[in-house]
Structure formats: structure tokens, C-alpha cells
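Let me begin by presenting the structure, written as C-alpha cells, before commenting on it.
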């Protein structure tokens, strides 16, 4: 027979953990009525080892209690398969999180490299999932949720693209579209695809810290026309604007936007 201290030491678990398992009736040591101490035999140790095994694969206490009451091999297999599916879903979610973190790192590099500078770049295919009249039309954001596999995958603001149509006289149309990046080799696509092999590309800064809240569309338009002239391209009258990153300075937001301006 062993004391709780001895069992805790050679199993590598704490006394509190053993007491917790006792409270959940997963292990039932003998109690000495004279001194109140608990003693553990080799069956108790086997029970604790088994509980630890199932906890290591992250089975909930409730599931272990079910097992403790009695489960067939098929029953155990069913519980394990259910847990396996949870883990696979969590792995998929973590992979998505990792991808988003990596994209934010890439966006930081874009800002450092292209802020205020123009280059020629391809706008890769985007699937148009829907339209929103204005990014402040919050009631329409449900459309975004309907077009994602789960709420964990919904990225509301960064799924929007501001699409500006203009001519020589100025802006003709200004709308927001809900988009999804089309992955390489993807064949089944429901929505319309927009892509432009050749665009003027730049990153601009907006937000109250840099602009004082003033509209800078005219200034940006002039910059685009000047860049097109310098590169020797003709504008087709479209601009796609995407939110890259938002940060704060002196309590005011600094918003960085990337712009694809199709040219020919």
C-alpha cells in the first residue's frame, strides 16, 4: 500500500490532481478511519495511470467518467474518433491562423517597400462573393458570414475591396465588393472572377493621423495619373483598394491601403 505522496512522486502528478480524480470518483483509495489517511494499492495506481493516459490525449473528464463506468471497445473507438475529428478541425483552424499571421508579416513588408512608390504588378484572381454599397453598411455584413465556411474563417473588413470607376472627368462609381482569393489549381468557382495581369501597384496611408480625417481621393487620383504617365501606360478607369493594416499613433489610426490600378 502507498501514500498519496508516494503515488504522486512516482507517477509524476500532483497531490491536488489525485484528489481531483478522487472527487470525480475516477479512483477510490481506501481510507484509514483512525488517522484519515488514504492508501493506494496497485489497482488504484493502474486506474490513475489509465486516467493520465486518456488525459494526455485530451479526453474530457466527463468522457473518462463514461469509460470508467464501462465501455466496449466499439464505445472507446467512437469516443476516440470523435476526439480525433475535433483535433483535425483544430489543426485546420491553427493552420488558417498561421497563414493569416504570415500574411500580416507580408503586409508589413509591402508597406515598408511600396509606401508612396509605384511598381507594375499582377492582380491575381479574386472571386466576387457579393456587393456592399458602403463599408459602413454593417447590416450587409451578414452576407460575408453566409459566404464563409465558418465564423472562424470570416474576416469581415479584409474581405472587402473598394472598387472605383473613373474617367477623365473624375470618379464615376464607388462600391465595395466581397471577395475571396482564388487558390492556384482551384477549379470549382461559383462567383465571377476578376483579375488583371498588369496594374500600377502602390501602398498609401490614410487615417486621421496622416490626413486629419480629410478625403484624399483627389490627391491619390492625381498621383495615379502621374505614375501612369511616367510608366507610359494608359489607365482603364479602375482602381481596386484593399485594407492592408491598421495601427495607431498618438491615439489616432494609421490605415495602410494597397491599390491595384489596371493599365494597358
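The values are calculated or read from the model by the stated rules, or taken from the named source; none is laboratory data. Everything quoted here is computed from the prediction, not taken from an experiment. Every residue, glycine as well, gets a Cβ built from its backbone with ideal geometry; the counts of neighbours run over all protein chains shown.
How many residues are over 44 Å from the mean Cα position of the chain (by Cα) and either assigned to a helix (DSSP H, G or I) or within 24 Å of residue 62 (Cβ to Cβ) (or both) if we restrict to segment 1-27?
The number of residues fulfilling the criteria is 3.
Which of (1) farther than 14 Å from residue 257 by Cα; (2) within 28 Å of the chain's Cα centre (by Cα); (3) modelled with pLDDT under 90; (4) surrounded by fewer than 17 Cβ atoms within 10 Å (Cβ to Cβ) is the odd one out, the single condition residue 212 does not satisfy?
It is condition (2) that residue 212 fails.
Show the residue pairs meeting these rules: Cβ distance below 6 Å; 6+ apart or different chains; first residue within segment 92-110 and more than 22 Å from residue 255 (Cα to Cα); second residue surrounded by 10 or more Cβ atoms within 10 Å (Cβ to Cβ).
Going by the 6 Å Cβ cut-off, the qualifying pairs are 93/152.
Out of 50, 39, I need the residue that is assigned to a strand (DSSP E or B) and surrounded by fewer than 18 Cβ atoms within 10 Å (Cβ to Cβ). Which one?
39
So is residue 85 modelled with pLDDT of 90 or more and surrounded by 11 or more Cβ atoms within 10 Å (Cβ to Cβ) or not?
Answer is no for this residue.
Looking only at segment 2-15, filter to residues that are in contact with a helix residue (DSSP H, G or I) (Cβ under 9 Å, 6 or more places away or on another chain) and loosely packed, with under 14 Cβ neighbours inside 10 Å; which one of those is modelled with the lowest pLDDT?
Ranking the qualifying residues of segment 2-15, first place goes to 10.
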